[in-house]
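> Below: one structure in C-alpha cells.
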C-alpha cells in the first residue's frame with residue numbers, strides 16, 4: 001500500500017459525494033479535472049469522492065462514467081491519481097483499487113521540495129464518528145432520507161455549524177469545525193509535517209498552528225469548489241474558477 | 001549540547017541536538033522512542049573490526065523502537081546530522097500518542113514491515129552469494145519469520 005509519495009505538482013479536492021442525488025459537484029469538477037490534467041498536476045481525491053452511504057450503487061454507476069473517463073487524462077498526461085478513502089466511500093475501497101485508474105490509500109504523506117504534507121480525509125478525528133460508529137451510520141442514512149424530502153436542509157445544517165462555532169473557531173480553528181480537527185492537525189504536525197490537509201467537515205479554510213505549521217480543509221464541492229494546490233513545496237487553498245478558454249470549449 | 005525545548009504532555013517532549021551530537025550510545029538502557037521533526041539522524045553499529053553506518057533517518061522517521069517495544073538495550077548508536085530536533089516519547093506516552101494520532105501506529109507497522117522485508121532480502125542475498133546449504137537457510141528463515149525455535153532450529 002502506497003502512503004508516501006513525492007511530487008512537484010498536486011491538487012487536492014474532497015467531498016464530491018458523486019452519486020448522491022444532492023451533489024451538484026460533477027458539473028464543476030469535470031472542467032476542473034480537465035484543467036488540472038492539462039496543467040500536468042497529479043490529483044488527490046481526499047475522501048468521499050463517491051457516495052455509497054446515502055445512495056445506491058446504481059446511482060453511482062449512472063453518475064461516474066464521465067468522471068472516470070476524465071481521470072484517464074491524468075494517466076495520459078503522465079500524472080498520477082490518488083484516492084484517499086473517507087467515511088462515505090470506504091465500502092468501495094477494493095472496487096476502486098481494482099479499477100486500476102487510481103492508487104487508493106488511507107492517507108498520503110507527500111514530499112514536495114523540502115515540505116512534508118499530510119493529506120487525510122479526517123473522519124477518524126470526528127468524535128461522534130469514533131465514539132458512536134453505529135449511531136453515526138444510522139444517522140447518515142437517516143439524513144439521506146431527509147435530504148430526499150428537502151435538499152436545502154443540508155445548507156441549513158452547514159450554516160448552523162458555522163454559527164454555533166463562530167466565536168470558538170475565530171481563536172482555535174476553522175469556522176464550522178469542532179476543535180478536534182485542529183487538535184489532530186496539531187498532533188500530526190509534531191511528527192514533522194509542515195502542512196496538514198483534511199476534508200470531511202465540509203468547512204473550507206486554513207489556519208496557522210501554534211508551532212508554525214499550517215492546517216487546511218478543502219471543504220466540499222457540494223458547496224464551494226475549493227482545492228489545495230501543492231507546488232514545489234508551497235501549499236495554498238484556492239477557489240476553482242473555470243478559465244474562459246475551458247468554458248468556451250465544447 | 002542538547003537542549004530540552006518544551007513539554008506538552010508529561011510523557012512527551014522536544015529536544016534539539018547539534019550536528020554530530022550523540023543521541024544515545026549502543027548498549028544504553030533508555031526506552032524512549034524518537035520522531036525526527038527537523039534534521040537527520042545517523043545510526044551506527046559497532047562490528048568486530050570497525051563501526052559501520054547502518055542507515056540515515058530523515059524528517060518524519062522514527063527510531064528507538066526496539067528498545068521501546070522489546071525492552072532491549074540500544075542495538076546501535078544514534079547521532080544527529082545537522083541541527084536536529086526530536087520529539088521524544090517516553091514509554092508511558094506511547095499509547096497516549098497512538099490514541100491522539102492513530103495513523104502513527106499504522107505508519108510504524110508499515111515501516112517495521114518494510115524493515116523486516118529489507119532484512120530478509122539482504123539475508124537471502126548473502127545466502128545466495130555464499131551458497132549456504134538449504135537446511136541452514138530454512139533454519140534461519142524460521143527464526144527470522146518469528147517462529148519460536150529451540151537451539152536446534154526446530155519449532156517449539
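> On average, how many beta carbons from a partner chain sit within 10 Å of the beta carbon of a residue in B:51-61?
Mean inter-chain Cβ contacts per residue within 10 Å come to 2.
> I've got another one for you. log10 I(q)/I(0), Debye, Cα-only segment B:18-133, no solvent, q = 0.18 Å⁻¹?
Values, matching the q order: -1.02.
> Continuing with this model, one more query. For B:125-133, what's the mean count of beta carbons from other chains sitting within 10 Å of each residue's beta carbon?
That works out to 0 on average.
> Per the helix-only calculation at 222 nm, which mean residue ellipticity applies to the protein assembly as shown, given -39500 (n - 2.57) for every DSSP H run of n ≥ 4 and division by its residues, nearest 500 deg cm²/dmol?
-11500 deg cm²/dmol, from helical runs alone.
> A further question follows. If r is the Cβ-Cβ distance from residue A:236 to residue B:139 and R0 is 45 Å, what FRET efficiency results, to the nearest 0.05?
Result of the calculation: an efficiency of 0.20.
> Could you check which residue among A:215, A:132, A:154 shows the biggest mean-square fluctuation in a GNM of chain A with a 10 Å Cα cutoff?
A:132
> Can you pull the mean other chain C-beta count within 10 Å for peptide A:99-111?
1
> Related question: Sorting A:81, A:101 on the 10 Å Cβ count, fewest up front, what's the list?
Ordered from fewest to most neighbouring Cβ atoms within 10 Å, A:81, A:101 come out as A:101, A:81.
> Report the antiparallel proportion of the DSSP beta bridges in chain A as a percent, rounded to a multiple of 5.
45
> Okay, moving on. Which of A:39, A:120, A:183 ends up with the largest GNM mean-square fluctuation for chain A, with Cα atoms connected below 10 Å?
In the Gaussian network model the winner is A:39.
> What is the order of A:92, B:86, fewest Cβ neighbours within 10 Å to most?
Starting with the residue having the fewest Cβ neighbours, the order is A:92, B:86.
> Hey, another quick one. Over segment B:101-144, consider all pairs of different Cα atoms and compute the Kirkwood hydrodynamic radius from their mean reciprocal separation; express it in Å, one decimal.
Roughly 11.9 Å, rounded to one decimal.
> Also, I was wondering about something else. Jot down the radius of gyration and Dmax of segment A:81-162, Cα atoms only, both in angstrom.
16.2, 49
> Right, another one. Given springs between every Cα pair under 10 Å in a Gaussian network model of chain B, which of B:33, B:69, B:89 has the largest fluctuation?
B:69
> So if each residue of separation counts as 0.36 nm, and I subtract the Cα-Cα distance between residue A:114 and residue A:62, what length gain in nm does that give?
Gain on extension, residue A:114 to residue A:62, equals 14.5 nm.
> Tell me, B:54, A:222, B:108 in order of fewest to most beta-carbon neighbours within 10 Å?
B:54, B:108, A:222
> While we're looking at this one, here's another question. With a Förster radius of 41 Å, plug the Cβ-Cβ distance of residue A:76 and residue B:111 into 1/(1 + (r/R0)^6) and report the FRET value to the nearest 0.05.
The computed FRET efficiency comes out at 0.75.
> List the pair-distance distribution P(r) of segment A:4-247, using every Cα-Cα distance, as the percent of pairs falling in each 5 Å bin from 0 up to the bin containing the longest distance, rounded to whole percents.
Distribution as computed: 1, 6, 14, 19, 21, 17, 13, 7, 2, 0 percent.
Bear in mind these aren't lab numbers, they're just calculated from the coordinates by the rules spelled out. Just so you know, these numbers come straight off a predicted model, no measurement behind them. Quick reminder, even Gly has a Cβ in these numbers, built from the backbone with ideal geometry, and neighbours come from all protein chains shown.
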